[in-house]
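For reference, the structure is listed below as structure tokens.
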């Protein structure tokens, strides 16, 4: 019997139907290295004792796409998968996407289906899928509807305008890359 809502998890490859998603805390307890540093494009989960999933397939696909393996030689390989999952335990909204109705967490989840063993998508599509729900620390949207990076209060305090920002940052640029680029441009006094 199917849920009324399908839940999706984008994460590391290799899970099979019936496997249980492990929380970040469980991974560490089992001796698996877990750190947001191992996948620097992704923030650490809000609660390390919960697993995260989405009611929007493309949102979860984007997280699967951004899942990375860093080899001993330092090379990064994008190799995440997309799973349809059944949450186990009380479902709570992910506070990082509060009010968006897109990201959820539970104490655990079971893999019902391996939907896409190796997620393949364009980087800009992954940024769009997550970015349209992302907000800055003051609650303002991170991206405008057309994909332009939105101003932060910190940028405004430094006199940056949306027009100037648009000149230097292409649409749907990952926010981490955009901020790093802006720091360099500001250091040179060009913004």
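The values are calculated or read from the model by the stated rules, or taken from the named source; none is laboratory data. Here the structure is a predicted model, which is why all the values come from computation and not from measurement. Cβ coordinates were reconstructed from backbone atoms using ideal geometry, including for glycine residues, and neighbour counts include every protein chain displayed.
In the range 87-97, the residue that is modelled with the lowest pLDDT out of those that are surrounded by 13 or more Cβ atoms within 10 Å (Cβ to Cβ) and more than 17 Å from residue 58 (Cα to Cα) is 96.
Within the range 134-184, the set of residues being at pLDDT 90 or above and at positive phi comprises 147, 172. Of everything listed in (1) closer than 17 Å to residue 11 by Cα; (2) over 13 Å from the mean Cα position of the chain (by Cα), the single unmet condition for residue 123 is (2). In the set 112, 82, 151, only one residue is buried (at least 16 other Cβ atoms within 10 Å of the Cβ), in contact with a helix residue (DSSP H, G or I) (Cβ under 6 Å, 6 or more places away or on another chain) and part of a strand (DSSP E or B); that residue is 82.
Among the residues making up the range 160-171, those that are out of contact with any helix residue (DSSP H, G or I) (no Cβ under 6 Å at 6 or more places or on another chain) and farther than 12 Å from residue 190 by Cα are 161, 162, 163, 166, 170, 171. Reported count of residues in the range 154-172, each being free of Cβ contacts under 8 Å to residues at least 40 places away in the same chain, part of a loop (DSSP other than H, G, I, E, B) and buried (at least 16 other Cβ atoms within 10 Å of the Cβ), is 2.
Would you check if residue 175 is free of Cβ contacts under 8 Å to residues at least 60 places away in the same chain and in contact with a helix residue (DSSP H, G or I) (Cβ under 9 Å, 6 or more places away or on another chain)? Outline the logic, then answer.
On the way: free of Cβ contacts under 8 Å to residues at least 60 places away in the same chain: yes; in contact with a helix residue (DSSP H, G or I) (Cβ under 9 Å, 6 or more places away or on another chain): yes.
Yes; evaluated as a whole, the condition is true for this residue.
Looking across the range 182-191, the residues that are surrounded by 15 or more Cβ atoms within 10 Å (Cβ to Cβ) and either assigned to a helix (DSSP H, G or I) or free of Cβ contacts under 8 Å to residues at least 24 places away in the same chain (or both) come down to 182, 185.
Residue count for the range 1-24 under the criterion of being modelled with pLDDT of 90 or more, assigned to a loop (DSSP other than H, G, I, E, B) and surrounded by fewer than 18 Cβ atoms within 10 Å (Cβ to Cβ): the result is 5. When the range 89-108 is filtered for residues that are outside any strand (DSSP E or B) and free of Cβ contacts under 8 Å to residues at least 60 places away in the same chain, the ones remaining, listed by number, are 89, 90, 91, 94, 95, 96, 97, 98, 99, 100, 101, 102. Total residues in the range 128-148 satisfying the condition of being under 22 Å from residue 103 (Cβ atoms), free of Cβ contacts under 8 Å to residues at least 60 places away in the same chain and part of a loop (DSSP other than H, G, I, E, B): the figure is 11.
Residue-by-condition table, conditions (1) over 23 Å from residue 49 (Cβ atoms); (2) touching a helix residue (DSSP H, G or I) at 6+ places or on another chain (Cβ under 9 Å):
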| residue | (1), (2) |
| --- | --- |
| 89 | no, no |
| 93 | no, no |
| 103 | no, yes |
| 107 | no, no |
| 120 | yes, yes |
| 129 | yes, yes |
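The residue that is surrounded by the fewest Cβ atoms within 10 Å (Cβ to Cβ), counting only those in the range 62-78 that are modelled with pLDDT of 75 or more and under 15 Å from residue 14 (Cα atoms), is 67.
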